[in-house]
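Below: the structure, in structure tokens.
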Amino acid sequence: MNTVLKNLLINEDEKAEGAICLKSSPTIVGIPIGTMCNYRCVFCKDDTAANDFVPMEVTYQEFEKIAKMIRNPANIGLFSWGEPLLNSNYKRMFQYVSGTNPDSFISIATNGSLMNEEVIDMFAGHGLVHVNVSLNAPNNPLYKKITGTGKFELVKSNIEKLNNRAKGMLF
């Protein structure tokens, strides 16, 4: 039995018993990695011009301090308020979490514009990855109006590449 499953079972027993002090680790963990975005979506509350919003990037050192504390979660989210793939250390962060938690799912929510072959290969290399791609319109004109970019066809193509690569895999 792998360590993630053991942790989940211990956690379920502790919940059933109403335990106050837990021996299990958290089963779902989210690690924030920044607030940068390459889109300007109309529905986003953090519009730089309107709110004096200052995008920031979590450094690898800051990330590592958090990631070192993680033990055997079922799911690890590498997330941001914006586009996580803009973090210059994303690949290194993903590899760290993947290497230290090989039985855990890794989740990402992305606008898909930066999801190239290298990123898709990285996801496929871990295998247990949940990728949520936001495609916020059914066509390019509306997509451009909503996101402030004309990247509809690129994102559609990247989704197709991900789907093709994921065939037969647990993605």
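Between segment 63-121 and segment 1-43, the alpha-carbon centres lie 14 Å apart. With a threshold of 29 Å on the Cα-Cα distance, the over-threshold entries among Lys15/Lys91; Lys145/Lys167; Lys68/Lys151; Lys23/Lys68; Lys91/Lys167; Lys68/Lys156 are Lys15/Lys91; Lys145/Lys167; Lys68/Lys151; Lys68/Lys156. With q set to 0.15 Å⁻¹, the log10 of I(q)/I(0) for segment 81-163, from the Debye formula over equal scatterers at the Cα positions, is -0.55.
Short-range pairs are left out: with C-alpha atoms under 8 Å and at least six residues apart, the relative contact order of the chain is 22 percent.
Only protein atoms count toward the accessible area here, which uses a 1.4 Å probe; on the chain, the carbon and sulfur part of that area reaches 56 percent.
Remark: segment 107-154 is approximated by an ellipsoid whose semi-axes, taken from the C-alpha gyration tensor as √(5λ), come to 24, 11, 7 Å, largest first.
If you plug the beta carbon distance of Lys68 and Ala19 into 1/(1 + (r/R0)^6) with R0 = 30 Å, you get a FRET efficiency near 0.75.
Note that segment 75-142 presents 42 Å² accessible area per residue, ligands and nucleic acids not counted, probe 1.4 Å. Can you tell me what percent of all Cα-Cα pairs in segment 31-171 are more than 26 Å apart? Considering segment 31-171, 26 percent of its Cα-Cα pairs are separated by more than 26 Å.
The values are calculated or read from the model by the stated rules, or taken from the named source; none is laboratory data. Note that this is a predicted model, so its numbers are computed, not measured. Glycine gets a Cβ as well: all are built from the backbone with ideal geometry, and neighbour counts include every protein chain shown. Ligands, DNA and RNA are excluded from the accessible area calculation, which covers all protein heavy atoms including side chains. Shrake-Rupley method; radii C 1.70, N 1.55, O 1.52, S 1.80 Å.
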